[in-house]
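The values are calculated or read from the model by the stated rules, or taken from the named source; none is laboratory data. These figures come from a predicted structure and were not determined experimentally. Note that we place each Cβ from the backbone using ideal geometry, even for glycine, and neighbour counts take in every protein chain shown.
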Amino acid sequence: MSDLRWFPVCRASEIKPGQARSITLLAKPYAVFNVGGELYGLDAACGHMKANLAAGRLYGDIVECAMHGWEYNVKTGECLTVAHTPLTRYPTKIENGMIFIGLKWPSEPSSNE
């Protein structure tokens, strides 16, 4: 069983429309993209060579990987370049001027387990 945990990414003012920011948790990169004022959370590692997609070029709701040009729809996680397993999407929220990304996190085992 897992619980959703919220992790701070950056101040909301730091990601303008058309920009992205990444965060690494337990050696795994995640990204938040701002598309027209709406925030979208995804795995940040490109499915090709694992380059961080937050460093790519965002045009509309499409991010182009800076390494080899693979494209992903940041709203859905779908890879548009090669038929590929989509990237996992994550919820985002703004609280007290900070952007957070929500990740499923293992819950603590109960004393009965």
TODO: All but one of (1) surrounded by 14 or more Cβ atoms within 10 Å (Cβ to Cβ); (2) in a strand (DSSP E or B); (3) hydrophobic (A, V, I, L, M, F, W, C) hold for Ala54, so report the exception by its number.
DONE: (2)
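State all residues of region 62-108 that are among the β-branched types (Val, Ile, Thr), touching a Phe, Trp or Tyr at 6+ places or on another chain (Cβ under 8 Å) and surrounded by 18 or more Cβ atoms within 10 Å (Cβ to Cβ); if no residue qualifies, say none. I'd like the intermediate steps shown before the answer.
First, the residues of region 62-108 that are among the β-branched types (Val, Ile, Thr): 62-63, 74, 76, 81-82, 85, 88, 92, 94, 99, 101.
Still in the running and touching a Phe, Trp or Tyr at 6+ places or on another chain (Cβ under 8 Å): 62-63, 74, 81-82, 92, 94, 101.
Val63, Val74, Thr92, Ile101, listed by residue number.
Picking from Leu39, Leu25, Leu103, Leu80, which residue would you name as being touching a residue at least 12 places away in the same chain (Cβ under 8 Å), among the hydrophobic types (A, V, I, L, M, F, W, C) and over 23 Å from Asp3 (Cβ atoms)? Spell out the reasoning first.
Values: Leu39 fails: over 23 Å from Asp3 (Cβ atoms); Leu25 fails: over 23 Å from Asp3 (Cβ atoms); Leu103 fails: over 23 Å from Asp3 (Cβ atoms).
Only one candidate qualifies: Leu80.
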Open item on the list: Considering only residues that are touching a Gly at 6+ places or on another chain (Cβ under 6 Å) and outside any loop (DSSP other than H, G, I, E, B), which ones fall in region 62-78?
Closed with: Val63, Glu64
- [ ] Please list, ordered by first then second residue, the pairs with beta carbon atoms under 6 Å, 6 or more apart or interchain, first in region 43-72 and closer than 16 Å to Ala83 by Cβ, second modelled with pLDDT under 95 and of a type in the set (Ser, Thr, Tyr).
- [x] Trp70/Thr81; Glu71/Thr81
